[in-house]
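Novice: Have a look at this one before I ask anything.
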Amino acid sequence: MNTPDDTPKRRVSVQVNGTTFVREVECRRHLVDFLREDCGLKGSHLGCEHGVCGACSVRLDGEVVRGCLVLAVQADGRRVETVETATPSRRLKALQDAFVEYNALQCGYCTPGMLVAALDLVERRPQADRAQVRDWMSGNYCRCTGYHAIVDAVCAVLEQQRAGRFADEAATEAQR
Amino acid sequence: MNHPTELPTRRDLGTDLPAVTEDQRHIGVAIPREGVRRLTQGRGQFVDDIELPRLAHVVYWRAPVAHMRITRIERGAAQALPGVIAVVLGGEIAALCKPWVATLAHLAGIKSAPQYPMAIDRATWQGEPVVAVVAETRARAEDALALLEVEWEELPAVLDTETALEPGTPVIHPELGDNLCFQRQLDTGGVDEAFARADAVFEQTYVFGRHTGVTLEPRSQIADWNPGDQKLTVYHAFQAPHMMQDLYCRQFELQESQVRVVCRDVGGSFGIKVHAYPDDFATVALSMMLGRPVKFVADRIESFVSDIHAREHRIRGRIAAAKNGEILAFEIDDLTGIGPYSVFPRTSGIEGNQVVNLTGGPYKHKHYRAALKVVFQNKTPTCQYRGVGHPIACAVTEALVDGVAAQLGIDPIALRLANVIPDDAYPATGASGIKLEVLSHEACLREARRLVDYDALRAEQQALRQRGVYRGIGVATLIELTNPSAAFYGVGGARIASQDGATIRLEPTGIITVSSSVGEQGQGAEAIFAQIAADAVGVAVERVRVVTGDTDTTPYGGGTWASRGAGIGGEAVLQAGQVLRDNILATAAAILKREARGMRVYRGAIVDATNGELLLPLAELGRIAYFRSDTLPKDFTPELMVTRHYAQRDYPFIFTNGVQVSHVEVDVETGFVKLLKHWAVEDCGRVINPMLVDEQMRGAIVQGIGGALFEECLYDTDGTLRNGNMADYLVPMAAEMPDIVVSHVQSPTRSSRLGAKGAGEAGTAGAPGAVMNAINDALAPFGVRVASQPITPEKILRALGKIA
């Protein structure tokens, strides 16, 4: 157990949604707590704090991670993306729109993490069918919807992508 | 079987029924909720997102065993840790907050023991709060937890409901005399005779495991006692803010003028967030002791032992039928365990009571006998969770119906069609005495048959069986109580409002602001209130703003429970909106100096009722009414803010009904069940927004499926929870869930103008029965059945005799 006297701290510099945050943090601080408490970005939610529910999913250097299983110090010098960005990519914007259009959220607590997972899917698995969408999205719990509308929304954006709607946007995160 | 695309939701159901407003274009239409766009951008405001000056954080040391006497608590080391503000014991909290006993006068004989916010001498379940640690940060408070020294003597735990009432079993609360919380018997008479003359009798014992709600946002609260003005503000992830305001007043001897409860974004509720938890009161007491705001956010591990659990029923059931398929009688014996206390303020007697009321509910038999025993035990307290008794009553009823149908060789849908209370027989009274206003079992069964393509599905099932593929089709007919009157809680003495209010105001620019006592936890209450208000007044929905979740600013009301938001809260909005429209017309008459009669409010403006000529935009009316009262007649004052309240008083409840069909494939080698598809035909009266009802149904169905197949709070023999974490307690995930097709039949209630009934729980009510029947249908060739939920692969293999 750490007590205040022996809780080591480190200075970290993390780029979050394009803005660099330099903070002194306890080494034991989780990335999601860093985002919420040190950066004031409350959009990533704590659902279980043991890496299961997916509500705190963010992308770290382009890879989806659980914000509750990564330490802030591990993100030092790296890039974090969340749905709280002021400049969403066209794919993220399309997913946000589709979630509203298809009623793919109710309370919205799981939604930021769900959208991060969905964005990763849209970028990495452009040919995914409905069953594959269900599989991919299974790292994120939703307790309100029956998942059906979430799957509908993600499939709709995949279809938009296959129809070339995002063709003019710069290389996606996954391809960089 | 995940089909690439499903039939799209019908976007407009409003035209299927006569309109309730003059120019109805929002009610009944699948309008997306613009209000949730911010949630897709991480811009919600859940309780844990709120930061306040002087904010402190509390964590609770909770009993680690099922039943213990506290012998010593040494808090010096914890208190000495820098950053720790206070370490507080149960007795100190009890000096501020009175204990409670959760009983209801209309549940005759129900009893419970006084309960305190934190254990004082004795803790009665694993998870009961014992010590509160308040610190500058949550992490620091958790550090201090590890420095507490608590010693205890373990007491014998009462766990098994079957032996809870036996003479040799310890009594948890000796002053109560026994471990019986509540019992009830119901007998219409004629039951023994009916069974004696029956051609077929089917009986089985059904078991329903304990489960819990797992709202993705844990229970969260900030209690902020301001010593300066002696006022308490509580930011709460909660469903019923006025109820909590009342309870804080009573337990802390405050007045309503001193207590404000604010519920902003709430991350799922499902009944979990409608109960008053011991730590709710403890957190308020801590804020009062410390004179600063204190935040409590349950971590997931403590959610599993401190959120209410539900179910845990053992039901012996039997059904009697005649050769022609006529159901003659039902009989059930329900034994349920509720933990060591009846939960405040709704009591833990309601779920069992509803099982008694609802079993056999869809059918027209006259003979029914039920016995219920609700017993105390040393496990987490149980109380009302989505569906409340319905999933159990429905699963037992429908399994018995399928059992007797199989004995008689009658098709399950045909047998149901022959026995449901016919659509033209309402109002009707069920055998248990429940009053049913208007239901549509026959229409729903016929629609289900069509939707499912039943005959083709049966043919496919037969063909696949020849190839060793075992698929099952399970049907469940259900009733659901919604729009409760005061008969639910108020008559029993609980200060839980069955009425709700809506205030509607015309803003100077023509914007409509609605304030409702029914709040939002994701269901879409705010969205449908906007739709109703838009049509009632005569404006576009984009011009309507809805405010909820604040006891300081909203009308007084019950909030969200028992599927009442649309039916009760929506009706208040409709009535207030229609009066506001009349007042707007009166104002227009004063401004334009012509009769109100010849004008209407149409799409944001006053128009001539006969030729549609634009007379006065609402923004101009607002400008004159608010800023140029000098130009109005002296004897006229515009009343552009209207409040109306509504309580349903025609029936104890307004029942809804529906049919669900589950299609499954059982792997008889592994016992695994694959959900192929699920259909729901629902009748919640007038649908306000079909898209929202669809996903309410689907979400509720998935919760019902969770209980039927996966979810169970598993206790060790010593009374500790074995799987109290998100990895081991199995919440349904996207890949395991089927596509769910929803269809609507609309039988509006006549108890309100709007005609809406509730839709939030019917999915959970029907799914366990449909899935269990589907599995048993798949297992039919082997002559075995499963009757214990969750229906795990192990239980299926056991039924098949593949494992011992």
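The values are calculated or read from the model by the stated rules, or taken from the named source; none is laboratory data. On a predicted model such as this, the values are computed, not experimentally measured, just so you know. No Cβ is skipped: glycine too gets one built from the backbone with ideal geometry, and neighbour counts run over all protein chains shown.
Novice: Tell me, yes or no, whether the range B:108-124 has at least one residue that is of a type in the set (D, E, K, R), under 17 Å from B:GLU74 (Cβ atoms) and either within 14 Å of chain A (Cβ to nearest Cβ) or free of Cβ contacts under 8 Å to residues at least 24 places away in the same chain (or both). Spell out how you get there, then give the answer.
Specialist: Of the range B:108-124, the ones of a type in the set (D, E, K, R) are B:111, B:121-122.
Next cut, under 17 Å from B:GLU74 (Cβ atoms) only: B:121.
Among the residues that remain, those that are also either within 14 Å of chain A (Cβ to nearest Cβ) or free of Cβ contacts under 8 Å to residues at least 24 places away in the same chain (or both) are: none.
No, the range B:108-124 has no match at all.
Novice: Quick check: is even one residue across the range A:20-29 touching a Cys at 6+ places or on another chain (Cβ under 8 Å) and not assigned by TED's automatic domain parsing to the domain that holds A:ALA118? Steps first, please.
Specialist: First pass over the range A:20-29, keeping only residues touching a Cys at 6+ places or on another chain (Cβ under 8 Å): A:21, A:23.
With not assigned by TED's automatic domain parsing to the domain that holds A:ALA118 added as a condition, the list becomes A:21, A:23.
Yes: one or more hits.
Novice: Just one of the numbered conditions (1) more than 30 Å from B:LEU358 (Cα to Cα); (2) away from chain A (no Cβ under 14 Å); (3) of a type outside the set (D, E, K, R); (4) in a loop (DSSP other than H, G, I, E, B) is not true of B:ALA276; which one?
Specialist: With respect to (1) more than 30 Å from B:LEU358 (Cα to Cα); (2) away from chain A (no Cβ under 14 Å); (3) of a type outside the set (D, E, K, R); (4) in a loop (DSSP other than H, G, I, E, B), B:ALA276 is out only on (1).
Novice: Tally the residues that are touching a helix residue (DSSP H, G or I) at 6+ places or on another chain (Cβ under 7 Å) and either assigned to a loop (DSSP other than H, G, I, E, B) or surrounded by 24 or more Cβ atoms within 10 Å (Cβ to Cβ) (or both), restricting the search to the range A:123-153. Step through it out loud before you land on a result.
Specialist: Pass one, the range A:123-153, residues touching a helix residue (DSSP H, G or I) at 6+ places or on another chain (Cβ under 7 Å): A:123-126, A:128, A:130, A:133-140, A:142, A:144-151, A:153.
When the remaining residues are screened for being either assigned to a loop (DSSP other than H, G, I, E, B) or surrounded by 24 or more Cβ atoms within 10 Å (Cβ to Cβ) (or both), the result is A:125-126, A:128, A:133-134, A:140, A:142, A:144-151, A:153.
Final tally of qualifying residues: 16.
Novice: Report whether or not B:CYS249 is more than 24 Å from B:ILE85 (Cβ to Cβ) and within 14 Å of chain A (Cβ to nearest Cβ).
Specialist: Details: more than 24 Å from B:ILE85 (Cβ to Cβ): yes; within 14 Å of chain A (Cβ to nearest Cβ): no.
When the stated conditions are applied, B:CYS249 does not pass them.
Novice: On to the next question. Go through the range A:132-141 and give me each residue that's at the interface with chain B (Cβ under 7 Å from one of its Cβ atoms) and either under 11 Å from A:THR111 (Cα atoms) or of a type outside the set (Ser, Thr, Tyr) (or both). Give the steps one after another, and end with the answer.
Specialist: Kept after step one, since they are at the interface with chain B (Cβ under 7 Å from one of its Cβ atoms), are these residues of the range A:132-141: A:134-135, A:137-138, A:141.
The answer is A:ARG134, A:ASP135, A:MET137, A:TYR141.
Novice: Please work out which one of (1) within 32 Å of the chain's Cα centre (by Cα); (2) closer than 18 Å to B:PRO340 by Cα; (3) among the hydrophobic types (A, V, I, L, M, F, W, C) is the condition B:ILE93 fails and give its number.
Specialist: With respect to (1) within 32 Å of the chain's Cα centre (by Cα); (2) closer than 18 Å to B:PRO340 by Cα; (3) among the hydrophobic types (A, V, I, L, M, F, W, C), B:ILE93 is out only on (2).
Novice: Considering the range B:756-804 alone, what residues qualify as being within 24 Å of B:ALA405 (Cβ to Cβ) and without any contact (Cβ under 8 Å) to a residue 12 or more places away in the chain?
Specialist: Of everything in the range B:756-804, just one residue is within 24 Å of B:ALA405 (Cβ to Cβ) and without any contact (Cβ under 8 Å) to a residue 12 or more places away in the chain, namely B:GLY783.
Novice: How many of the residues in the range A:80-111 are of a type in the set (Gly, Ala, Ser), facing another protein chain (nearest Cβ under 9 Å) and closer than 20 Å to A:ARG165 by Cβ?
Specialist: Selection size over the range A:80-111: 1.
Novice: So in the range A:154-165, with the set limited to residues that are more than 12 Å from chain B (Cβ to nearest Cβ) and charged (D, E, K, R), which one is surrounded by the most Cβ atoms within 10 Å (Cβ to Cβ)? Steps first, answer last, please.
Specialist: Of the residues in the range A:154-165, the ones more than 12 Å from chain B (Cβ to nearest Cβ) are A:157, A:160-165.
Okay, now just the ones that are also charged (D, E, K, R), so A:162, A:165.
Numbers: A:ARG162: 11, A:ARG165: 14.
Top of the filtered list is A:ARG165.
Novice: Might you check whether a residue that is part of a strand (DSSP E or B), crowded, with 20+ Cβ neighbours inside 10 Å and of a type in the set (A, V, I, L, M) occurs anywhere in the range B:628-649? Reasoning before the result, please.
Specialist: Just the residues of the range B:628-649 that are part of a strand (DSSP E or B), to begin with: B:641-646.
Remaining after also requiring crowded, with 20+ Cβ neighbours inside 10 Å: B:642, B:644, B:646.
Now narrow it down to the ones that are of a type in the set (A, V, I, L, M): B:642.
Taking every residue of the range B:628-649 in turn, at least one turns out to be part of a strand (DSSP E or B), crowded, with 20+ Cβ neighbours inside 10 Å and of a type in the set (A, V, I, L, M).
Novice: Looking only at the range B:551-565, decide whether some residue is touching a residue at least 60 places away in the same chain (Cβ under 8 Å), among the charged types (D, E, K, R), outside any loop (DSSP other than H, G, I, E, B) and touching a Gly at 6+ places or on another chain (Cβ under 7 Å).
Specialist: no
Novice: How many residues does the range B:344-396 hold that are of a type in the set (D, E, K, R) and assigned to a helix (DSSP H, G or I)?
Specialist: Our first condition is that a residue be of a type in the set (D, E, K, R); within the range B:344-396, this holds for B:346, B:351, B:364, B:366, B:369, B:373, B:379, B:386.
If we keep only those that are assigned to a helix (DSSP H, G or I) too, we end up with B:351.
Of the residues in that region, 1 qualify.
Novice: Among the residues of the range B:25-51 satisfying the criterion of being part of a loop (DSSP other than H, G, I, E, B) and farther than 22 Å from A:GLY47 by Cα, which is nearest to the other protein chains (Cβ to nearest Cβ)?
Specialist: Taking the range B:25-51 and keeping what is part of a loop (DSSP other than H, G, I, E, B), we get B:25-28, B:30-33, B:41-45, B:50-51.
Then keep just the ones that are farther than 22 Å from A:GLY47 by Cα; that gives B:25-28, B:30-33.
On the way: B:ARG25: 19, B:HIS26: 16, B:ILE27: 17, B:GLY28: 16, B:ALA30: 8, B:ILE31: 10, B:PRO32: 5, B:ARG33: 7 Å.
Once the filter is applied, the top-ranked residue is B:PRO32.
This table checks each residue for (1) surrounded by fewer than 20 Cβ atoms within 10 Å (Cβ to Cβ); (2) more than 8 Å from chain A (Cβ to nearest Cβ); (3) among the aliphatic types (A, V, I, L, M).
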| position | (1), (2), (3) |
| --- | --- |
| B:GLU712 | no, yes, no |
| B:THR717 | yes, yes, no |
| B:LEU721 | no, yes, yes |
| B:TYR729 | no, yes, no |
| B:ALA735 | yes, no, yes |
| B:VAL741 | no, yes, yes |
| B:PRO748 | no, yes, no |
| B:LEU754 | no, yes, yes |
| B:GLU761 | no, yes, no |
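Novice: Could you list, in sequence order, the residues of the range B:189-214 that are part of a strand (DSSP E or B), more than 16 Å from B:ARG316 (Cβ to Cβ) and β-branched (Val, Ile, Thr)? Reasoning before the result, please.
Specialist: Filtering the range B:189-214 for residues part of a strand (DSSP E or B) gives B:200-212.
Among the residues that remain, those that are also more than 16 Å from B:ARG316 (Cβ to Cβ) are: B:200, B:209-212.
Within the range B:189-214, just B:THR212 meets the criteria.
Novice: State whether one or more residues within the range B:675-692 are outside the structural domain of B:ALA562 (by TED's automatic domain parsing), polar (S, T, N, Q) and part of a loop (DSSP other than H, G, I, E, B).
Specialist: Within the range B:675-692, the first condition is being outside the structural domain of B:ALA562 (by TED's automatic domain parsing), and the residues that meet it are B:675-692.
This time we only want the ones that are polar (S, T, N, Q), so: B:689.
Right, trim to part of a loop (DSSP other than H, G, I, E, B) and you get B:689.
Yes, that holds for at least one residue.
Novice: What number goes with the only condition from (1) in contact with a strand residue (DSSP E or B) (Cβ under 8 Å, 6 or more places away or on another chain); (2) closer than 23 Å to B:GLY267 by Cβ; (3) among the small types (Gly, Ala, Ser) that B:ALA534 does not pass?
Specialist: (2)
Novice: Also: From the list B:ALA463, B:ALA476, which one is in a strand (DSSP E or B) and hydrophobic (A, V, I, L, M, F, W, C)? Walk me through how you get there before you give the answer.
Specialist: Values: B:ALA463 fails: in a strand (DSSP E or B).
None of the others qualify; the one that does is B:ALA476.
Novice: On to the next question. I'd like the residue in the range A:52-85 that is buried (at least 22 other Cβ atoms within 10 Å of the Cβ) and of a type in the set (Ser, Thr, Tyr) and, out of all such residues, is farthest from B:ASP728 (Cα to Cα). Spell out the reasoning first.
Specialist: As a first pass, look at the range A:52-85 and keep what is buried (at least 22 other Cβ atoms within 10 Å of the Cβ): A:53-58, A:66-68, A:72, A:75, A:80-83.
Filter once more, so that each one left must be of a type in the set (Ser, Thr, Tyr): A:57, A:82.
On the way: A:SER57: 20, A:THR82: 28 Å.
Within the range A:52-85, the match that is farthest from B:ASP728 (Cα to Cα) is A:THR82.
Novice: So, B:VAL88, is that one out of contact with any Lys or Arg (no Cβ under 8 Å at 6 or more places or on another chain), modelled with pLDDT of 95 or more and more than 9 Å from every other protein chain (Cβ to nearest Cβ) or not?
Specialist: yes
Novice: So which of B:VAL355, B:VAL305, B:VAL294 is surrounded by fewer than 24 Cβ atoms within 10 Å (Cβ to Cβ) and hydrophobic (A, V, I, L, M, F, W, C)? Let's see the steps before the verdict.
Specialist: Working: B:VAL355 fails: surrounded by fewer than 24 Cβ atoms within 10 Å (Cβ to Cβ); B:VAL294 fails: surrounded by fewer than 24 Cβ atoms within 10 Å (Cβ to Cβ).
Answer to the selection: B:VAL305.
Novice: Within the range A:5-51, take every residue that is more than 13 Å from chain B (Cβ to nearest Cβ) and touching a Gly at 6+ places or on another chain (Cβ under 9 Å) and give me the one that is surrounded by the fewest Cβ atoms within 10 Å (Cβ to Cβ). Explain how you work it out, then say what you get.
Specialist: Residues of the range A:5-51 more than 13 Å from chain B (Cβ to nearest Cβ): A:8, A:10-15, A:18-24, A:31.
Those left that are additionally touching a Gly at 6+ places or on another chain (Cβ under 9 Å): A:12-15, A:31.
Values: A:VAL12: 23, A:SER13: 12, A:VAL14: 25, A:GLN15: 15, A:LEU31: 28.
Result: A:SER13.
Novice: A further question follows. Within the range B:3-14, does at least one residue satisfy the condition of being under 30 Å from B:ASP121 (Cα atoms), part of a helix (DSSP H, G or I) and either of a type outside the set (Phe, Trp, Tyr) or at pLDDT 95 or above (or both)? So that I can check it myself, show each step before the final result.
Specialist: Restricting attention to the range B:3-14, the residues satisfying the condition of being under 30 Å from B:ASP121 (Cα atoms) are none.
So far as the range B:3-14 goes, no, none of its residues is under 30 Å from B:ASP121 (Cα atoms), part of a helix (DSSP H, G or I) and either of a type outside the set (Phe, Trp, Tyr) or at pLDDT 95 or above (or both).
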